[in-house]
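Step one of this worksheet: look at the structure below.
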Amino acid sequence: MRTLWLGGTMVLLAFAATTGDARQAQPAPQPAPAPSVAAAPGANPLLRETQALFDGYVASGKMPGVVGAFGVGDAPPQFVSAGRISDDPGAPLAGPDSLWRIYSMTKPVTGMAAMLLVEDGRIGLDDPLSKYIPAFANMRVLTSPDTSLDSVPAKKPILIRHLLTHSAGLGYSINAKGPLLQEYERRGIVPAQVNAQMEAKARTARPTTLAEFANRVAAVPLIAEPGTKWHYSIGLDVLGAVIEQASGMPFDRFVQTRLLGPLNMRSTYWSVPASEVGRLSTNYVFVGDVRAPIDRAATSVYLKPPSFPYGGAGLVSSARDYDRFLHMLANGGTLDGRRVMKAETVALAMSNLLPPGVTFGGLGDGTGGVMSARMGFGAGGSVYLENAPGGVPSKGTFGWGGAAGTIAWVDPVRKMRGTVMVQYFPDDKWPVRRNVSAALARDMQRLTAR
């Protein structure tokens with residue numbers, strides 16, 4: 001079995017069979033083909049540095065296609081795209097309405113859903129988790145998380161803010177080791193999908209409801225005392241179960257009712273309808289510099305409903321849709337004249353919610369952005385606590401990324417936002433976040449100099 005450790009959002013892929021299948025489809029993999037880079041319909045002359053960057057990515061075979069959505073204030077978003085949604089001959093051009101697996105870019109959506117319940121008075125940031133899920137009342141903490149399941153009673157309760165900020169002491173199957181990883185796998189605590197082959201194995205152990213998932217998580221000792229350490233985790237997945245309990249409706253229905261519906265995000269799905277498969281990209285995996293399909297659109301695991309909606313990594317979306325989510329945040333909770341969240345709720349959600357004494361040290365070049373300045377953590381995403389060198393990103397910039405390379409950020413001070421959709425593992429194969437930020441800065445300098 002080969003394991004691939006992915007930086008950034010990090011997904012642990014055990015894909016012995018999967019890569020074999022991909023290579024049967026491409027018996028002698030060669031460096032990735034370079035689709036035509038003739039200007040596609042809608043090529044953006046305004047953001048020409050960013051357009052040239054995207055064109056270069058495709059021309060050099062780094063990716064089949066890429067789409068960006070960038071906006072300032074209430075002006076319509078500027079879309080930049082290059083290439084196609086797969087390497088297959090005749091594949092559709094990548095565009096604003098193409099569909100991409102956004103993995104951990106689901107986390108800010110879940111975070112904002114929880115913040116809506118804070119706004120409603122149904123959840124308190126410093127409420128104990130056990131108020132909503134009693135199984136978490138008497139947690140234990142591992143004495144040696146990487147080597148043993150020996151544990152001692154926890155001294156503090158897990159709070160809702162801990163779930164939002166990855167400071168609950170929970171782990172993740174993607175970064176756990178040894179006996180803890182084995183325990184997560186034995187209990188089916190693997191809230192994500194990669195492809196049909198891996199999903200078939202995962203479903204033999206995974207629970208079929210969020211409530212049962214949360215109860216199983218509560219049965220496993222923590223990797224640290226709650227509120228003492230930032231550790232990337234399944235906290236946002238457990239938060240989905242809290243949202244169900246506090247709202248009185250299924251988690252996915254709550255997200256649809258309070259966020260996706262009001263924001264007119266019609267291309268954001270937990271499972272992609274068969275009628276929309278023509279818009280779905282193929283996901284790839286790099287082994288060295290060789291790119292092979294790991295989840296083809298036509299047979300994608302995302303065409304079937306998941307075991308339950310994964311609050312940490314479950315959504316498929318388009319650049320146009322995710323831009324609408326960011327636009328609402330940049331506007332302080334409104335979009336198209338409709339208020340979705342209160343301005344104070346948005347400001348709180350995009351502030352540093354970490355417990356006192358806990359710091360966020362970054363998580364790679366893709367997810368959350370380059371650690372170019374001191375950062376904290378808000379409701380499911382990182383937040384800059386000071387301006388980066390040169391002022392970009394600026395203090396207050398909030399964002400996160402996904403395991404298949406997608407990235408998103410919003411600067412509430414400048415009311416600027418950006419989404420980039422690509423589709424490959426590992427997410428940090430190419431320095432897309434860094435390159436895009438630089439290209440956009442050059443575009444802005446050129447435009448403002450006019």
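The values are calculated or read from the model by the stated rules, or taken from the named source; none is laboratory data. Just so you know, these numbers come straight off a predicted model, no measurement behind them. Methodologically, a virtual Cβ is constructed for each residue, glycine included, from the backbone with ideal geometry; neighbour enumeration extends over all protein chains shown.
Hey, does the stretch 259-271 have a residue that's of a type in the set (Val, Ile, Thr) and assigned to a helix (DSSP H, G or I)? I'd like the intermediate steps shown before the answer.
Taking the stretch 259-271 first, the residues of a type in the set (Val, Ile, Thr) are 268.
Filter once more, keeping what is assigned to a helix (DSSP H, G or I): none.
No, that holds for no residue.
Going by the conditions given, is residue 291 surrounded by 20 or more Cβ atoms within 10 Å (Cβ to Cβ), basic (Lys, Arg) and touching an Asp or Glu at 6+ places or on another chain (Cβ under 9 Å)?
Judged against the criteria, residue 291 is a match.
Would you check if there is a residue in the stretch 143-154 being under 14 Å from residue 220 (Cβ atoms), assigned to a strand (DSSP E or B) and touching a residue at least 60 places away in the same chain (Cβ under 8 Å)?
Yes, the stretch 143-154 contains at least one residue that is under 14 Å from residue 220 (Cβ atoms), assigned to a strand (DSSP E or B) and touching a residue at least 60 places away in the same chain (Cβ under 8 Å).
In the stretch 180-200, which residue that is in contact with a strand residue (DSSP E or B) (Cβ under 9 Å, 6 or more places away or on another chain) and free of Cβ contacts under 8 Å to residues at least 60 places away in the same chain is nearest to residue 148 (Cα to Cα)? Before the answer, list the steps.
Residues of the stretch 180-200 that are in contact with a strand residue (DSSP E or B) (Cβ under 9 Å, 6 or more places away or on another chain), as a first pass: 180-181, 193-196, 198.
Now drop any that are not free of Cβ contacts under 8 Å to residues at least 60 places away in the same chain, which leaves 180-181.
Values: 180: 7, 181: 11 Å.
The qualifying residue nearest to residue 148 (Cα to Cα) is 180.
Scanning for something out of contact with any helix residue (DSSP H, G or I) (no Cβ under 6 Å at 6 or more places or on another chain) and without any contact (Cβ under 8 Å) to a residue 40 or more places away in the chain, does the stretch 227-249 turn up at least one residue? Break it down into steps so the answer makes sense when it comes.
Initially, the stretch 227-249 is screened for residues out of contact with any helix residue (DSSP H, G or I) (no Cβ under 6 Å at 6 or more places or on another chain), giving 228-234, 237, 242, 245, 248-249.
After this cut, where a residue has to be without any contact (Cβ under 8 Å) to a residue 40 or more places away in the chain as well, the list is 248-249.
Yes, there is a match, as at least one residue in the stretch 227-249 is out of contact with any helix residue (DSSP H, G or I) (no Cβ under 6 Å at 6 or more places or on another chain) and without any contact (Cβ under 8 Å) to a residue 40 or more places away in the chain.
State which residue is surrounded by the fewest Cβ atoms within 10 Å (Cβ to Cβ) when the search covers only the stretch 411-439 and only residues that are of a type in the set (A, V, I, L, M) and farther than 27 Å from residue 282 by Cα.
Looking only at the stretch 411-439, we keep the residues that are of a type in the set (A, V, I, L, M), and these are 413, 416, 420-422, 432, 436, 438-439.
Among the residues that remain, those that are also farther than 27 Å from residue 282 by Cα are: 413, 416, 438.
On the way: 413: 11, 416: 21, 438: 15.
Restricting to residues being of a type in the set (A, V, I, L, M) and farther than 27 Å from residue 282 by Cα, the top hit is 413.
Take the conditions assigned to a helix (DSSP H, G or I) and buried (at least 20 other Cβ atoms within 10 Å of the Cβ) and apply them to residue 164. Does it pass? Walk me through it before giving the result.
On the way: assigned to a helix (DSSP H, G or I): yes; buried (at least 20 other Cβ atoms within 10 Å of the Cβ): yes.
Yes, satisfied.
Test residue 30 against the criterion of being touching a strand residue (DSSP E or B) at 6+ places or on another chain (Cβ under 9 Å), at pLDDT below 90 and under 18 Å from residue 287 (Cβ atoms), and give yes or no.
Numbers: touching a strand residue (DSSP E or B) at 6+ places or on another chain (Cβ under 9 Å): yes; at pLDDT below 90: yes; under 18 Å from residue 287 (Cβ atoms): yes.
When the stated conditions are applied, residue 30 passes them.
Name the residue that is surrounded by the fewest Cβ atoms within 10 Å (Cβ to Cβ), counting only residues in the stretch 178-229 that are hydroxyl-bearing (Ser, Thr, Tyr) and assigned to a loop (DSSP other than H, G, I, E, B). Spell out the reasoning first.
Step one: list which residues in the stretch 178-229 are hydroxyl-bearing (Ser, Thr, Tyr), which gives 184, 204, 208-209, 228.
Next cut, assigned to a loop (DSSP other than H, G, I, E, B) only: 204, 208-209, 228.
Values: 204: 7, 208: 12, 209: 13, 228: 16.
The extreme case among them is 204.
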